[in-house]
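Notes follow once the structure below has been shown.
The values are calculated or read from the model by the stated rules, or taken from the named source; none is laboratory data. What you see is a predicted model; the values in this text were computed from it and never measured. Here the Cβ is made from the backbone with ideal geometry for all residues, glycine too, and neighbour counts use every protein chain on show. Ligands, DNA and RNA are excluded from the accessible area calculation, which covers all protein heavy atoms including side chains. Shrake-Rupley method; radii C 1.70, N 1.55, O 1.52, S 1.80 Å.
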Amino acid sequence: MSGKNILVINFKTYREATGNNAEHLARAIEHAVNGTKGRIVLAPQVTDLHQISHTVSLDVFSQHVDPITPGSHTGWILPESVKANGAIGSIINHSEHRMELDKIESTVKRCKELGLETIVCVETLEEGLKIAKLKPDYLAYEDPELIGSGRPISKEKPDSVREFAETIKKDFPEVTIICGAGISSGEDVKKSIELGCNGVLVASAIVKSHNPEAIVREMARYL
Ligand code: G3P
């Protein structure tokens, strides 16, 4: 972890961010963030990890990993495998891929054993307080209702974001707080940081944009 403000770009399973499209998008992002003060993380689909991590020099995370060890787990995602394919960390418990608390705990543990960084997503302060005890590198506060809405959490729920950041930081200063959902502009990144976050998690505003490079450049300016 670098201590810099962070922009995490989640490619989700959008067509615009799948396979060769993912590679084009990653190249455009790399070009856009040249010279930024912040940290940029790409989270492509697990099937694209190898291609993306070998194409750009930005940090690459998996969108999910399972709390398993090598062996018989057909179709599950092995943390060792994402590491071998160039990921240096993983998102865990995204709103679109929720896990039980005990599974989150063992996944964070497995990642730590392998030196993989962790971004654990939560939907409420209550959930955040439970997960912060696991000491993930990043705790991402995302309101599921605002995800993909174009309505930024920083504008729609500024008090909740501020309360989340203040409360978690007080008891768990080593956990870096970020927020996401509907983040659409440089202004939204700026506001999130003013509210006490050290960065944002973004998907649709970048991936679905006709000019991803321009929007990434604008967001990266505020890190
Ligand atoms: O992981 C990022 C996320 O769920 C927010 O999505 O499309 O609202 O930026 P979006």
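Just a few scattered comments:
- Phi-derived couplings, Karplus 6.51 cos²θ - 1.76 cosθ + 1.60 at θ = phi - 60°, listed residue by residue for region 205-211: 4, 8, 5, 8, 6, 6, 9 Hz, with x used for Gly and Pro.
- Inter-probe distance in nm under a simple model that places probes 7 Å from Cα toward Cβ, at Ser185 and Thr124: 3.2
- Phi-based couplings in Hz for region 135-143 (Karplus 6.51, -1.76, 1.60; Gly and Pro marked x): 6, x, 5, 10, 10, 10, 8, 10, 8
- Remark: the Cα gyration tensor places the chain in the oblate category, a/c being 1.5 or greater and a/b not exceeding b/c.
- Spatial offset of region 99-167 relative to region 34-87 amounts to 19 Å, using the alpha carbon center of each.
- Less than 5 angstrom separates the built amide H of Ile91 from those of Ser62, Gln63, His64, Ile119, all sequence-distant by 5 or more or on a different chain.
- Computed [θ] at 222 nm, deg cm²/dmol, the chain (DSSP H ≥ 4; -39,500 (n - 2.57); rounded to nearest 500): -11000 deg cm²/dmol
- Cα gyration tensor category, rounded, prolate or oblate, for region 53-174 with a/c compared to 1.5: prolate
- In the elastic network of the chain, a GNM with C-alpha springs shorter than 10 Å, the most mobile of Asn85, Asn20, Asn198 is Asn20.
- For the residue pairs Lys170/Lys208; Lys37/Lys103; Lys83/Lys157; Lys112/Lys155; Lys4/Lys109; Lys133/Lys208, alpha carbon separations beyond 32 Å are given by Lys170/Lys208; Lys37/Lys103; Lys83/Lys157; Lys112/Lys155; Lys133/Lys208.
- Point-to-point label distance, His50-Asp159, nm (Cα→Cβ direction, 7 Å offset): 5.1
- Take region 1-108 with all the other protein chains still there, run a 1.4 Å probe, and you get 48 Å² of accessible area per residue.
- Inter-label distance, Ala214 to Lys112: 4.5 nm, where each label sits 7 Å from its Cα along the C-beta direction.
- From phi via Karplus (6.51, -1.76, 1.60), per-residue ³J(HN,Hα) for region 8-25 in Hz, x at Gly/Pro: 9, 10, 8, 6, 6, 10, 5, 4, 5, 10, 10, x, 5, 4, 5, 5, 4, 5
- For region 137-198, the carbon plus sulfur part of the accessible surface works out to 43%, probe radius 1.4 Å.
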